[in-house]
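One structure is given here, and the rest of the page talks about it.
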Protein chains: 2
Amino acid sequence: MLAPFEITILGNNSAIPANGRFPSAQLLNIHDQLLLVDCGEGSQIRLAETKKKAFRLEHIFITHLHGDHFFGIFGLLTSMSLLGRTKTLNIYCHAPLQKLLETTLEITKGGINYPIEFHFLPETGSQVICTTAHFEVTAFQLTHRIPTCGFLFKERFPKRKINQDKLIEAGIPKVFWGDIQKEKDVLLDTGELVASKDYILPGPKPRTYAYCTDTQFTLDFVPVIEGADTIYVDSTYMSSDEQKAKDRYHCTAAQAATIAKTAGVGRLLLGHFSSKYRNLQPLLDEAKAVFKLTEIAHQGKTFSIESW
Amino acid sequence: MLAPFEITILGNNSAIPANGRFPSAQLLNIHDQLLLVDCGEGSQIRLAETKKKAFRLEHIFITHLHGDHFFGIFGLLTSMSLLGRTKTLNIYCHAPLQKLLETTLEITKGGINYPIEFHFLPETGSQVICTTAHFEVTAFQLTHRIPTCGFLFKERFPKRKINQDKLIEAGIPKVFWGDIQKEKDVLLDTGELVASKDYILPGPKPRTYAYCTDTQFTLDFVPVIEGADTIYVDSTYMSSDEQKAKDRYHCTAAQAATIAKTAGVGRLLLGHFSSKYRNLQPLLDEAKAVFKLTEIAHQGKTFSIESW
């Protein structure tokens, strides 16, 4: 059975919450590790509703410093502390957020009783920003009014199988096999360097999920997300508002579909909707005309990623 | 018919939102003027649900700088700007909030397209902090972990009736009557100073509402709220947690009722509930045993103030 790789939509609206839709936030469950992507106002309230012991999460990724993507972090961090958290929390963000969080906590005298490690996002290009036993995260540049990163989440397999026959044939002593299984290269007593990858059996194809908002229409980041299983893309407007989308550094649903089609992904999720749309069906119809495997990222819904 | 004097409960929970209850926030409608008291996370979402064109509000009062009382202000202020507000917004708060708001708006590049006027709360004693044609607000000290003010809202009557017979009898020229009606004292050509209050007919008894949270149990502020029509008081815990309430600078429901009884008010609303209570009935029962005219300030409910 596949380990879980799930995305739960906590909020999917653009700047002003409306129509019952909260601002941007998603809870990812990769192999039972919980991650939060963006943290709009009310995220802790929506998190509590998932009943997923969400306060266990260890990693928060913030795409950019527009309020609808991070104004919920103050309350979430405070609540985690009140709930007795002691475990380190990793926050991946642009640098100014650290100062703002520190100022806020100082003013509220809201002592946070657990360590926070800040990891700043790259300002150009793409870069692996987080590697754990279960997943790897690559940040890449989007085109928005202020510096903004998308994230590619790729699962990893902590216990890979080694090719024992080949190891025996090569005369590599058993004492090194453990390290090779952990993907470490090892130095034999003979001075020979053994590349672990040569002795690890091919595992299952890792599943991937890319979060791509907020962004103006561009194909610049397509090479990073190419062939991803599922992607979530800025679909703030309909094509009838294409100029407005461009002016405000957002995409239309059709443009999101064009990105998905060009990148040859398995599935497109539409999100970051303008408050003007109460009914989201027309956005779905517009995107599907370009890329059939499209769904609305409805708030509260959990999407499970299978390989495509 | 009485002009409206209504309190709509947007959030009534203590620090950690739970059981569907949002953190502290109330919308007041005094003579069709809208005021916000506290602005916990999610207030703009709850405000939108009231469908009261809440973005018309001109005054926001923040009792103290614990996050559950103001973390919603960042999003609310940003949304107001996105919605095209141009009218001045008055914020009554402790001084550090101004700096924090300015830092936040600088980081998000969230230019606010309307003027904000900050009015800082007194650090000792009680003081009238706001007077408009329709209401007057007095801030007074509560006993909490950090500086905290309660607020007494008192309606005013913009058009008072003057005692024309008395004005004629005193020989006060008609040209001064307009100013006297507006409660201005006037200087006659004879050099005589006329006190407007001597010529204004008694109006209806002004209705009052006091917001008293967060606070440890104390009767210190009773003289300020004495005889108020309705008061909302910190009722975080049951009496069984009285020591915890004291340690955390909060009240029990019974203590809130004792304050109401001592102050001889018309009605007590219980609020700022601990997340541990899903069912609020026991808190109501406990308070009613001390002060009968008690109600739970249920989220979403609007309380209309009549004279008692």
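The values are calculated or read from the model by the stated rules, or taken from the named source; none is laboratory data. Here the structure is a predicted model, which is why all the values come from computation and not from measurement. No Cβ is skipped: glycine too gets one built from the backbone with ideal geometry, and neighbour counts run over all protein chains shown. Ligands, DNA and RNA are excluded from the accessible area calculation, which covers all protein heavy atoms including side chains. Shrake-Rupley method; radii C 1.70, N 1.55, O 1.52, S 1.80 Å.
Quick notes on this one:
- With a requirement of 1 or more residues that are open to solvent by 10 Å² or more (accessible area, probe 1.4 Å), the strands (runs of 3 or more DSSP E) lying completely within the stretch B:208-279 that satisfy it span B:208-212, B:267-271.
- Residue check, A:Arg56 within 14 Å of chain B (Cβ to nearest Cβ) and either modelled with pLDDT under 95 or farther than 23 Å from A:Arg278 by Cβ (or both): no
- Pick from the stretch B:77-94, criterion within 12 Å of chain A (Cβ to nearest Cβ) and within 18 Å of the chain's Cα centre (by Cα), ranking: farthest from A:Ala15 (Cα to Cα): B:His94
- Screening A:Phe71, A:Phe61 for residues that are under 25 Å from A:His144 (Cβ atoms), within 7 Å of chain B (Cβ to nearest Cβ), at pLDDT 95 or above and surrounded by 22 or more Cβ atoms within 10 Å (Cβ to Cβ) leaves exactly one candidate, A:Phe71.
- Set B:Thr132, B:Thr108, B:Thr104: member being at negative phi, among the β-branched types (Val, Ile, Thr) and more than 14 Å from chain A (Cβ to nearest Cβ): B:Thr132
- Residues satisfying the stated conditions in the stretch B:298-307, i.e. open to solvent by less than 60 Å² (accessible area, probe 1.4 Å) and under 20 Å from B:Met238 (Cβ atoms): B:Gln299
- Qualifying residue in the stretch A:118-131 (condition: assigned to a strand (DSSP E or B) and buried (at least 22 other Cβ atoms within 10 Å of the Cβ)): no
- Condition met for A:Ile180 (surrounded by 15 or more Cβ atoms within 10 Å (Cβ to Cβ) and either among the basic types (Lys, Arg) or in contact with a Leu (Cβ under 8 Å, 6 or more places away or on another chain) (or both)): yes
- The stretch A:11-24, subset part of a strand (DSSP E or B) and either at positive phi or open to solvent by 10 Å² or more (accessible area, probe 1.4 Å) (or both), residue farthest from the other protein chains (Cβ to nearest Cβ): A:Arg21
- Checking A:Ile30, A:Ile45 one by one, the residue that is over 19 Å from A:Thr104 (Cβ atoms) and β-branched (Val, Ile, Thr) is A:Ile30 and no other.
- Of the residues making up the stretch B:280-297, those that are open to solvent by 20 Å² or more (accessible area, probe 1.4 Å) and touching a Leu at 6+ places or on another chain (Cβ under 8 Å) number 4.
- Residue in the stretch B:152-175 that is in a strand (DSSP E or B), open to solvent by less than 80 Å² (accessible area, probe 1.4 Å), within 15 Å of B:Leu65 (Cα to Cα) and assigned by TED's automatic domain parsing to the domain that holds B:Tyr232 present: no
- The stretch B:1-10: number of residues that are away from every other protein chain (no Cβ under 14 Å) and touching a strand residue (DSSP E or B) at 6+ places or on another chain (Cβ under 7 Å): 6
- Residue among A:Thr132, A:Thr108, A:Thr104, A:Thr124 that alone is more than 16 Å from A:His59 (Cα to Cα) and within 19 Å of the chain's Cα centre (by Cα): A:Thr124
- Just one of the listed residues (A:Ala254, A:Ala260) is at pLDDT 95 or above and either over 19 Å from A:Glu295 (Cα atoms) or touching a helix residue (DSSP H, G or I) at 6+ places or on another chain (Cβ under 7 Å) (or both), and it is A:Ala254.
- Residue match in the stretch B:78-90 (condition: free of Cβ contacts under 8 Å to residues at least 12 places away in the same chain and assigned by TED's automatic domain parsing to the domain that holds B:Ile146): yes
- Verdict on A:Ile200 being within 30 Å of A:Gln164 (Cβ to Cβ), surrounded by 14 or more Cβ atoms within 10 Å (Cβ to Cβ) and of a type outside the set (Phe, Trp, Tyr): yes
- Taking the stretch B:216-264 as the range and being among the basic types (Lys, Arg) and closer than 24 Å to B:Ser275 by Cα as the test, the residues that pass are B:Lys244, B:Lys246, B:Arg248.
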